[in-house]
Amino acid sequence: MPEQEAVGQQGSPAREVGDFLHRRREQIAQRWADETLFRTVFTVSRDEAVEAGRVVVDALAQVAVSGRAADPEAGGFLVVREQLARMGAARTRTGLTPSQVSNDVDALRPPVLDLLLADLPNAPADLLRESTTLLTVLMGTLRLVVMETALNEGQALIDRQRLQLLEVATPVIKLWDGIVAVPLIGTLDSARSQVVMEALLEAVVDQQARFAILDITGVPTVDSLVAQHLMKTVAAARLMGAECVVSGIRPAIAQTIVHLGLDLGTVVTRATLADALAHALRKLGSDIVTPSAGGVGER
């Protein structure tokens with residue numbers, strides 16, 4: 001007899017648990033709707049919480065009858081991942097720890113076990129014991145599914161927030177018609193360098209800029225990796241038709257670049273952002289004047 005038929009035969013623990021979940025579907029969903037996990041997420045309507053509970057109970061019944069109660073990859077758990085696991089992820093987004101989410105999911109087990117014991121008062125002791133064990137395993141796998149999805153969602157949230165912080169920390173400033181600048185502050189790693197490049201190129205297109213200034217005054221150190229990122233950004237800006245100027249190279253950074261043997265000979269550099277702006281303005285044909293003792297003189 002195939003395994004699928006064996007686990008699904010009448011009187012087996014798998015069949016008893018599956019039938020019980022179908023039979024008590026409404027009662028379980030009503031009880032779950034008052035538990036923290038459901039109540040916190042479905043705050044607009046209790047009916048929504050009850051309906052979500054029905055969907056999860058149906059999925060658990062499918063898994064029970066299939067004989068894969070301990071397998072988080074069982075087909076029925078796909079629906080659970082889309083329903084209950086989504087709620088676990090929502091709880092994670094509110095700032096709760098994984099242990100708190102785990103406790104919320106574990107709180108769903110007692111109401112189901114109580115109903116099972118009440119539903120099978122005259123069942124043989126062995127069948128009752130095996131059925132309660134199977135249901136406990138099923139609920140444990142449910143908790144594992146929710147935790148996996150909640151942790152994945154939590155990591156995805158961290159990644160999104162990190163990207164948002166990079167974007168906020170990498171503003172592109174329009175200094176003049178045809179001139180944009182990116183003042184960099186802090187460590188420049190691969191992820192941030194990609195954000196810098198994308199933001200700068202978008203600004204070059206949007207502002208129709210002929211000059212793009214990368215100011216590294218706030219970058220604490222420059223190593224070979226940072227230099228490579230700068231070179232790639234300069235090259236990308238050139239391909240977009242903009243001349244890229246690197247400013248803010250302090251003496252210590254200049255010495256580091258020399259010691260590393262890095263060739264920045266093809267890159268236009270200036271000591272300060274003001275010098276870089278002056279360079280770009282001259283290239284654009286603008287006159288730059290500064291006040292002098294005798295009045296206003298040309299710089």
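A few comments on the model shown:
- For the peptides 182-188, 17-23, the ranking by packing is 17-23, 182-188, with the highest mean count of neighbouring Cβ atoms within 10 Å listed first.
- For region 173-298, the normalised intensity computed at q = 0.13, 0.14, 0.19 Å⁻¹ comes to -0.52, -0.60, -1.02 (log10 of I(q)/I(0), Debye sum over alpha carbons, equal scatterers, no solvent).
- The amide H of E243, built 1.01 Å from its N in the peptide plane, has F211, A212 as neighbours under 5 Å, considering only residues 5 or more places off or on other chains.
- Note on region 173-298: with charges restricted to the Cβ of Lys and Arg (+1) and Asp and Glu (-1), its dipole about the Cα centre is near 100 debye.
- Long-range amide H partners of D215 with built H, under 5 Å: V182, L184, S247
- Using a Förster distance of 22 Å, the FRET efficiency for R109-E148 (Cβ separation, nearest 0.05): 0.80
- Normalising the average separation of contacting C-alpha pairs (under 8 angstrom, six or more residues apart) by the number of residues puts the relative contact order of region 173-298 at 23 percent.
Readers should treat all values here as calculations from the given coordinates under stated rules, not as data from a laboratory. No experiment lies behind these values; they were computed from the predicted model shown. Cβ sites come from the backbone with ideal geometry, for glycine too, and all protein chains shown count toward neighbours.
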